[in-house]
Amino acid sequence: MASKGKPSPRSAVSPLSDAQVSKLATKHQLVDPMHDFPTGPQRKAKIEEINAQNPQATKRLLTGVDVVFNASCKTRAWGLEHVPEDGPFISAASHVTMFDVFVPMASLFHMGRRPRYMAKAEMAKWPVIGKWFQLVGMQPVQRHSGKAKQIEETSIDILTSGRPLTVWPEGTVTRDPKKWVMSIKEGVAYIALESSRRLGHQVPLYPAITWGAASINHWWPWPRKNVVMCYDQQLDYADLLVDMDSWGDEPPAELVNELMWRVLKRMNTVLAEIRGEAFPAEGYWDYRSMSRKPWPSVGGPFPAGTVE
């Protein structure tokens, strides 16, 4: 079954300007995430995690990604100091283009961690690079297969074994015509809540928002475009875990729904800051109806100043 609609073209949005990057640099410490330990040499790599995940293949892929990104864009990031040096965590990454999926992946690799990542199974069939994806930790997701619970269980097993996990909760490239983060799947919330319940503590959950790659012409990428990622602070959902010992077989649907909306709202709040634009006042883009809908009351209010 094919995904609904088609991603909007590059012309749908303006490139990220030098002026906006400079504005972000006055508020945040922007670093180049395409080299080892961009936040400083005091960082320690998780050696056993690196050695357990095809280190030679990972190194070759990372080198290739660095070369491509350095040639086609000026990549900057802030918040990478939030990446834990040890233990499980979840990265919920935006998916504006196929190109920007490499930004959080490469950034976390350069920070010395090796997350497994949930990605559509079709990527494993891509020429050349598909094999590399499998070698460096891709967990293929058979979309529309009716195996959602099996996929969630695999993700939970990754976390409870002590490994980090990266997910793209939209499930595909955004279909929002203005390229905001569209409606997300419940899976990321379910995985976070259930893995926290099994481990007995809140598993860290970090939104990872990338913007700028949507303007890159893959056939002729010059002049280089600005690409900025925020690896956001940990999203707190401890209040949803208060009664986790009494949940029964799985997290209650209302808690999963609440956390899902918190993640979506936070992702778009950060994206609005990177873009320097207000989020559409009409609301978020709903993938099921392929239309814009107003924000629901769950997940807390959309922060003041980001919607006009």
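All conditions but one from (1) assigned to a strand (DSSP E or B); (2) over 19 Å from Pro7 (Cβ atoms); (3) in contact with a Lys or Arg (Cβ under 9 Å, 6 or more places away or on another chain) apply to Val227; the one that does not is (2).
Yes/no per residue for (1) touching a Pro at 6+ places or on another chain (Cβ under 9 Å); (2) part of a strand (DSSP E or B); (3) over 22 Å from Val173 (Cβ atoms):
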| position | (1), (2), (3) |
| --- | --- |
| Leu235 | yes, no, yes |
| Gly248 | no, no, yes |
| Leu259 | yes, no, yes |
| Leu264 | yes, no, no |
| Glu282 | yes, no, no |
| Ser297 | no, no, yes |
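Just one residue in the set Tyr231, Tyr190, Tyr237 is in contact (Cβ under 8 Å) with a residue 12 or more places away in the chain and closer than 30 Å to Lys23 by Cβ; that residue is Tyr231. Considering only segment 27-56, state which residues are more than 22 Å from Lys225 (Cα to Cα), more than 21 Å from the chain's Cα centre (by Cα) and in a helix (DSSP H, G or I). Across segment 27-56, the qualifying residues are Ile47, Glu48, Asn51, Pro55, Gln56.
Which count do you get for residues in segment 82-105 that are crowded, with 19+ Cβ neighbours inside 10 Å, outside any helix (DSSP H, G or I) and not aliphatic (A, V, I, L, M)?
Residues in segment 82-105 being crowded, with 19+ Cβ neighbours inside 10 Å, outside any helix (DSSP H, G or I) and not aliphatic (A, V, I, L, M): 6 in total.
For Leu264, the criteria (1) over 13 Å from Val181 (Cα atoms); (2) crowded, with 22+ Cβ neighbours inside 10 Å hold in every case but one, which is (1). For beta carbons closer than 8 Å, sequence separation of 6+ or different chains, a first residue in segment 163-186 that is more than 24 Å from Pro9 (Cα to Cα) and in a strand (DSSP E or B) and a second that is open to solvent by 10 Å² or more (accessible area, probe 1.4 Å) and among the charged types (D, E, K, R), the qualifying pairs are Leu165/Arg116; Thr166/Arg116. Just one of the numbered conditions (1) within 15 Å of Trp211 (Cα to Cα); (2) within 18 Å of the chain's Cα centre (by Cα); (3) open to solvent by 10 Å² or more (accessible area, probe 1.4 Å) is not true of Gly79: (3). A single entry from Lys23, Lys4, Lys59 fulfils the requirement of being over 21 Å from Met105 (Cα atoms), of a type in the set (D, E, K, R), open to solvent by 20 Å² or more (accessible area, probe 1.4 Å) and in a helix (DSSP H, G or I): Lys23. Residue count for segment 7-20, restricted to those that are out of contact with any helix residue (DSSP H, G or I) (no Cβ under 6 Å at 6 or more places or on another chain) and surrounded by 12 or more Cβ atoms within 10 Å (Cβ to Cβ): 7.
The requirement of being touching a residue at least 60 places away in the same chain (Cβ under 8 Å) and within 27 Å of Pro204 (Cβ to Cβ) is satisfied by Phe69. If you go through segment 212-230 and keep only what is open to solvent by less than 10 Å² (accessible area, probe 1.4 Å), touching a helix residue (DSSP H, G or I) at 6+ places or on another chain (Cβ under 7 Å) and not aliphatic (A, V, I, L, M), you end up with just Cys230. Going through (1) within 14 Å of the chain's Cα centre (by Cα); (2) over 13 Å from Met229 (Cβ atoms); (3) modelled with pLDDT under 95 one by one, Ser72 falls short only on (1).
The values are calculated or read from the model by the stated rules, or taken from the named source; none is laboratory data. No experiment lies behind these values; they were computed from the predicted model shown. Heads up, the Cβs are rebuilt from the backbone with ideal geometry, glycines too, and the neighbour counts pull from every protein chain shown. All accessible areas refer to the heavy atoms of the entire protein, side chains included, with ligands and DNA or RNA removed. Shrake-Rupley method; radii C 1.70, N 1.55, O 1.52, S 1.80 Å.
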